[in-house]
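**Q** Before I ask anything, let me first share the structure, which is written out below as C-alpha cells.
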Amino acid sequence: MSLLRLDGVTVRFGERAALDAVDLEVAEHETVCVLGPSGSGKSTLLRVVAGLQRADAGRVLLSGNDQDGVPTHRREVGLMFQDHQLFPQRDVGGNVAFGLRMRKTGRAETERRVAELLELVGLPGAGRRAVAALSGGEQQRVALARALAPRPRLLMLDEPLGQLDRGLRERLVAELRELFGRLGTTVLAVTHDQGEAFALADRVVVMRDGRVAQTGTPLEVWQRPASEFVARFLGFDNVVAARVSGGSADTVWGRVPVPAGTSGGEHRLLVRPAGVLLVPDAREEGGLPCTVTGRTFRGDHVVVLLRPADGPQLEAACGLRGAPEVGDRVGVVFDAGEVVVLDGP
Amino acid sequence: MVLDRPEVDALRTPRRPGSRPALRQTAVRFGLMVLPLAFFGVFFAYPVSAIVLRGLKDDGRWHFGRLGEVLTDPAIGHVLWFTTWQAAASTALTLALALPGAYVFARFDFPGKRLLRAVVTVPFVLPTVVVGSAFLALLGRGGLLDELWGVRLDTTVWAILLAHVFFNYAVVVRTVGGLWAQLDPRQEEAARVLGAGRFAAWRRVTLPALAPAVAAASLMVFLFTFTSFGAVQILGGPRYATLEVEIYQQTAQLLDLPTAAVLTLVQFVAVAVLLGVHAWTVRRRESALKLVDAAHTARRPRGAAQWALLGGVLTVIALLVLVPLVVLVLRSFDGPDGYGLTFYRALASAGGSGGTFTVAPLEAIGNSLAYALAATGIALLVGGLAAAALTRRAGRLVRGFDALLMLPLGTSAVTVGFGFLITLDEPPLDLRASWILVPLAQALVGVPFVVRTMLPVLRAVDDRLREAAAVLGASPLRAWREVDLPLVGRALAVAAGFAFAVSLGEFGATVFIARPDSPTLPVAVSRLLGRAGELNYGQAMALSTILMLVCAAALLVLERIRTDRSGEF
C-alpha cells in the first residue's frame, strides 16, 4: 500500500484551478519530485497534503486513511518551507526540538535526538547558536533537522535548495539523497529546477497548470518527454510539426527520420540537440542548409544556434573542436536515435 | 510607524470563504471579538447614546429642532469656529516646529539621543491638566515670563497653541521621524547620481515617501487638539472654549443636557470623519516602501548647516518642552518662605487645602496608581483580544471594527463620564458605587493604544511561521503561544506602558465619576487649581510634579524596552 495517495484532488482559487483532479501515489521509502514552472500548483499540492489548504474535491490518504477533517498538527507529516521559516526567537536547538516538544518527548530523549540530528546535517554542537547568525546553507540544514526530528512518516520539501548557490546545491542534493536512502525516509519534494529533481528523485512528476503532465523515472522523462510542454520545460526547443509516413516524417526542416514503429499521421517531433548533426556543405551532402546565428559555451560542449531557410530555429550540440563560427553556413542532418515523437500537446 | 508588510500578504494563498477551515476561523475571530464588542457596547456606545437620547428626546418625542437651535446659536457658532481654527493653527505650528526635529532624530547621531527622545515623549502622556498647569506656571500670573519681562500670555490664545505644540511634538517626531529613519538614504543618493540637486532629490524622492506619514501625524494632532479639554479648561479662561470644554460646561455647570447632546453629536461626526481620513492615509502609508534598519541611517552631523539645524532643534526642545517642565517643578518648591517642601507637606493633610478635600491630596497618588493598574489590565485584555481578532485582514466589517476602536480617543470624554453616571447606576449594571467605574472609563482610552501598538507587530508575524509550527504538531492555540506570544511580548509591554500612562492622565471622564473621597491625581490637581490662594496653587504644582515623575518613569521604562519602534505612537 502506498504511503500517500491523492485521488482526484482539486483546489480552486476563484475561477482558477491550482490543482485540477490530481492523482498521485508515493510508496514507502520512495522519493518523489514534483517538477513544474512556478504557478503550476506544486506548493498547493504540499499544502493540501499537510492540511494547510483544503481540497475542493478529491481525497488525500496517508497510510490508507482519509485525511479529511484531520488538522495539520495531527497528520504527522514534515514540511520544509521554501524559505525555511525557522523560529527567530529560538536558537538552533530550540528549533530542532520544537516538534519533539509538541509530542511531549522527554527532556533527555529530546536532547539526545537534537544532538543526533545536528550531527546528521553536519552542524554538530550548533544547538546554542542564534538562527539569525546562520548562513543560508546552515539555515537549510537546521530546517531539515527540524523537519526530520519528530520522525514524520512523510517528509515534504518545498523548493528545498532553491535559494542556495550552485556549488552548495549540488553538494546538498547528493547529501540529501544519501541521507534519505540511509534513513528510509519517504519524501515528496517540489521544485522548478530539473537538475535538482533528476538528481534527488526516484520518480519525477511533471506538472502543468494544476495537472500532471508526465510521471516516470528521471531517465524516462528525460529520454521520452511525453509532450511538447514537458520537452520545452526540460529545455528542448527543437520541436516541429510533422507528418509521419513510413520510416520518416515530413517537416519544414525537410525529411526527418523517426524511431521504428511510429504510427503514421500528424505528430509533433522533438530532435534533441545531440541529434542535430552538422555537415560541412549543405548542397553536396543533401542536408538542410542553415546559417549559424549564435554560439553558447556549455563547459564540455558548445550549443550552436542555427537558422534554416524556413521553420523554427535549431539548436545543435557540438564538440568543442570544430564548432562553426557565427555567420558560417552549414548543413544539418538528423539522427533518428535522438528524435522523439511527442504524443500530447 | 506601521511596519506592515503588504507584500507578504499578497503572496499568501487566498482563503476561500465557505470552506470549513474558513468557517472555523470566522468562528474563532468572532469568539475573540465578543468581549471587546460587549465592552464597547456596554461602556461606550450605551452611555454615549443614552446621553444623546436624553438630550434629544423628551416625553417620548424627538426634538430635532434642538439641533437647529443649538447650531444657529451665535455663542455655539463661536465655539465651533474657535475649536476648528485653533486645532488647525495648533497642527500647523506643531508641524512647523516638529518636522525639523523629526529629521534630526531620524538622520543625526548625537550623544543623549535616546534620552532626549524619551524626554520629548513625556508631554504626550502627561495629563492635560498638568500640561495646563505647566504653561500656567510659565506664562501665567506670576509666571516666569511675568517675573522676567512682565509678559502674560495666559489670557491669549498663544498659551493654548503653545501647550498644544508641547503636547503633540512627540506625535510628529515619532510618526514622521520613525518612517524617515527607515527610508533608505540610497534612494536619495540614486536621485542625486541621476542629476537631481540636494533639494530636488529631497522633494522628489523623500517627501513623497514621507507625505502619508506627515498626513497621518497631522490628522492625529488635529484630532487631539480638536478634542482638547484639560489644557483649554485651564488656559482658556472665560474667553476660549473648545467643543469639549463647552460640553463640560453645558453638562456640569449649566445642566443644559440638550445642548450638550447636540454638541456631542457634532463632535462625534467631526471625529468620525477625521478617523475615516486617518484610516485612509494609514492604508496609503502601508504602500510598498523600501525600509531599512533605522540604526544604519543616522550619522553624526557634518558641516555648519547641519550643526546649526541640530542646535536649532535642541533649542526649540529646550524652550518648548524642557522649560515648562522645569518651571512646573520649580514652582512646586517655591513656597511662601523660600524654596522648600511646604507644598508637598501640605499635600499630606486633608485640612491643608482649606476644605477642598475630605482626604489628604497625597492619597490621590495611591488612588491613581491603583485605578491605572486596573485600567491597564482591562485595556490589555480587551485590546489584546481585539488585536488578535484583527490580525488576519478581512472584509469591510472587520475594518469597521478597527476604526470603531479608535472612536473613544476622539469622543467627548466628558460625555462618556456623564453617560457612565446616568446609565450605570441601575440594575443590572449598578456600578455607580463601585471602584471599577473609573478604571473602566480609563480603559476606554487605553484600548486604542493597545490595539495600535499590537496590531502592526501581530500582522508582521509571517503566517507561515504558524504553519511551520502546525506541521510540527502544534495545535492552533499552542502555535499562538509558541510563535505569536514570544514575538509580540515586547509590543505587549509597550502597549501596557502606554495604557498605564494614558489611564493615569485621563481627566475628562474621571472628573465626573471619581468619588469625592478618592480623587485621582489629575482630578486633585484640577480641584486645587480651581481654588484661590497660593497654597492651593503650590500644591497643584507639587501634585503635577509627582504625576509628571510617575508618567516619565513609566515612559523611560518603555524607551528601554522599545528598541524597535513598531507601534504607531
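The values are calculated or read from the model by the stated rules, or taken from the named source; none is laboratory data. The shown structure was predicted, so the numbers you read here are calculated from the model rather than taken from an experiment. Because the Cβ atoms are built from the backbone with ideal geometry, glycine has one as well, and the counts that use them run over all protein chains shown. Note: accessible area is taken over every heavy atom of the protein model, side chains too, but ligands, DNA and RNA are not part of it. Shrake-Rupley method; radii C 1.70, N 1.55, O 1.52, S 1.80 Å.
**Q** What's the number of the only condition in (1) among the aliphatic types (A, V, I, L, M); (2) touching a residue at least 60 places away in the same chain (Cβ under 8 Å); (3) under 30 Å from B:Ala106 (Cα atoms) that B:Ala346 fails to meet?
**A** Result: B:Ala346 fails condition (3) only.
**Q** Considering only the stretch B:195-217, state which residues are within 16 Å of B:Val173 (Cα to Cα) and open to solvent by 40 Å² or more (accessible area, probe 1.4 Å).
**A** Within the stretch B:195-217, B:Leu207, B:Ala211 qualify.
**Q** Out of all the residues in the stretch A:296-304, is one or more aliphatic (A, V, I, L, M) and open to solvent by 60 Å² or more (accessible area, probe 1.4 Å)?
**A** No, every residue in the stretch A:296-304 fails to be aliphatic (A, V, I, L, M) and open to solvent by 60 Å² or more (accessible area, probe 1.4 Å).
**Q** Write out, first by first residue and then by second, each pair whose Cβ atoms fall under 8 Å of each other, whose residues are 6+ apart or on separate chains, and whose first residue, in the stretch B:234-247, is open to solvent by 10 Å² or more (accessible area, probe 1.4 Å) while the second is not in a helix (DSSP H, G or I).
**A** Pairs that qualify, where the first residue is open to solvent by 10 Å² or more (accessible area, probe 1.4 Å) and the partner is not in a helix (DSSP H, G or I), are B:Gly237/B:Asp154; B:Gly237/B:Thr155; B:Arg239/B:Thr155.
**Q** Mind checking whether some residue in the stretch B:443-460 is over 30 Å from B:Thr128 (Cα atoms), within 14 Å of chain A (Cβ to nearest Cβ) and touching a residue at least 12 places away in the same chain (Cβ under 8 Å)?
**A** Checked the stretch B:443-460: at least one residue is over 30 Å from B:Thr128 (Cα atoms), within 14 Å of chain A (Cβ to nearest Cβ) and touching a residue at least 12 places away in the same chain (Cβ under 8 Å).
**Q** Tell me, yes or no, whether the stretch B:180-187 has at least one residue that is in a loop (DSSP other than H, G, I, E, B) and free of Cβ contacts under 8 Å to residues at least 12 places away in the same chain.
**A** Let us first name the residues in the stretch B:180-187 that are in a loop (DSSP other than H, G, I, E, B), namely B:184.
Then drop every residue that is not free of Cβ contacts under 8 Å to residues at least 12 places away in the same chain, which leaves none.
Looking through the stretch B:180-187, none of the residues is in a loop (DSSP other than H, G, I, E, B) and free of Cβ contacts under 8 Å to residues at least 12 places away in the same chain.
**Q** Here's something else I'd like to know. Please go through (1) of a type outside the set (D, E, K, R); (2) under 28 Å from B:Glu244 (Cβ atoms); (3) outside any helix (DSSP H, G or I) for B:Pro111 and return the number of the only condition it doesn't satisfy.
**A** Of the numbered conditions (1) of a type outside the set (D, E, K, R); (2) under 28 Å from B:Glu244 (Cβ atoms); (3) outside any helix (DSSP H, G or I), the odd one out for B:Pro111 is (2).
**Q** Of the conditions (1) in a strand (DSSP E or B); (2) touching a residue at least 60 places away in the same chain (Cβ under 8 Å); (3) of a type outside the set (Val, Ile, Thr); (4) open to solvent by 50 Å² or more (accessible area, probe 1.4 Å), A:His267 satisfies every one except a single condition; which number is it?
**A** (4)
**Q** Just for the stretch A:7-55: of the residues that are in a loop (DSSP other than H, G, I, E, B), among the acidic types (Asp, Glu) and loosely packed, with under 15 Cβ neighbours inside 10 Å, which one is farthest from the other protein chains (Cβ to nearest Cβ)?
**A** It comes out as A:Glu28.
**Q** If you don't mind, there's one more thing I want to ask. Out of A:Ala126, A:Ala27, which single residue is more than 25 Å from the chain's Cα centre (by Cα) and over 23 Å from B:Ala470 (Cβ atoms)?
**A** A:Ala126
**Q** Mind checking which residues of the stretch B:305-325 are modelled with pLDDT under 85 and either assigned by TED's automatic domain parsing to the domain that holds B:Met548 or open to solvent by 70 Å² or more (accessible area, probe 1.4 Å) (or both)?
**A** Of everything in the stretch B:305-325, those that are modelled with pLDDT under 85 and either assigned by TED's automatic domain parsing to the domain that holds B:Met548 or open to solvent by 70 Å² or more (accessible area, probe 1.4 Å) (or both) turn out to be B:Ala305, B:Leu319.
**Q** Away from chain A (no Cβ under 14 Å), in contact with an Asp or Glu (Cβ under 9 Å, 6 or more places away or on another chain) and assigned to a helix (DSSP H, G or I), is that true of B:Arg466?
**A** Judged against the criteria, B:Arg466 is not a match.
**Q** Could I ask something else about it? B:Val502 is checked against (1) within 25 Å of B:Gly178 (Cα to Cα); (2) modelled with pLDDT of 80 or more; (3) within 14 Å of chain A (Cβ to nearest Cβ) and fails just one. What number does that condition carry?
**A** With respect to (1) within 25 Å of B:Gly178 (Cα to Cα); (2) modelled with pLDDT of 80 or more; (3) within 14 Å of chain A (Cβ to nearest Cβ), B:Val502 is out only on (3).
**Q** Within the stretch A:56-77, which residues are open to solvent by 10 Å² or more (accessible area, probe 1.4 Å) and within 10 Å of another protein chain (Cβ to nearest Cβ)?
**A** Matches in the stretch A:56-77: A:Asp56, A:Asp68, A:Gly69, A:Pro71, A:Thr72, A:His73, A:Arg74, A:Arg75, A:Glu76.
**Q** When you look at B:Asp484, is it within 14 Å of chain A (Cβ to nearest Cβ), surrounded by fewer than 22 Cβ atoms within 10 Å (Cβ to Cβ), at negative phi and of a type in the set (D, E, K, R), yes or no?
**A** Considered against the rule, which asks whether it is within 14 Å of chain A (Cβ to nearest Cβ), surrounded by fewer than 22 Cβ atoms within 10 Å (Cβ to Cβ), at negative phi and of a type in the set (D, E, K, R), B:Asp484 comes out as yes.
**Q** Enumerate the strands (runs of 3 or more DSSP E) found wholly within the stretch A:132-250, keeping only those where 3 or more residues are under 30 Å from A:Phe334 (Cα atoms) and open to solvent by 20 Å² or more (accessible area, probe 1.4 Å).
**A** Fully inside the stretch A:132-250 and qualifying: A:211-216, A:239-245.
**Q** Within the stretch B:167-176, does at least one residue satisfy the condition of being at pLDDT below 80, open to solvent by less than 40 Å² (accessible area, probe 1.4 Å), in a helix (DSSP H, G or I) and closer than 22 Å to B:Lys113 by Cβ?
**A** Looking for residues that are at pLDDT below 80, open to solvent by less than 40 Å² (accessible area, probe 1.4 Å), in a helix (DSSP H, G or I) and closer than 22 Å to B:Lys113 by Cβ, one finds at least one in the stretch B:167-176, hence yes.
**Q** Residues to consider are A:Gln82, A:Gln89; find the one that is surrounded by fewer than 21 Cβ atoms within 10 Å (Cβ to Cβ), modelled with pLDDT under 85 and either within 8 Å of chain B (Cβ to nearest Cβ) or out of contact with any helix residue (DSSP H, G or I) (no Cβ under 9 Å at 6 or more places or on another chain) (or both).
**A** A:Gln89
**Q** Next question, about the same structure. In the list B:Leu95, B:Leu99, which residue meets the criterion of being over 22 Å from B:Ser412 (Cβ atoms) and open to solvent by less than 50 Å² (accessible area, probe 1.4 Å)?
**A** Step by step, each of B:Leu95, B:Leu99 is checked, and only B:Leu95 is over 22 Å from B:Ser412 (Cβ atoms) and open to solvent by less than 50 Å² (accessible area, probe 1.4 Å).
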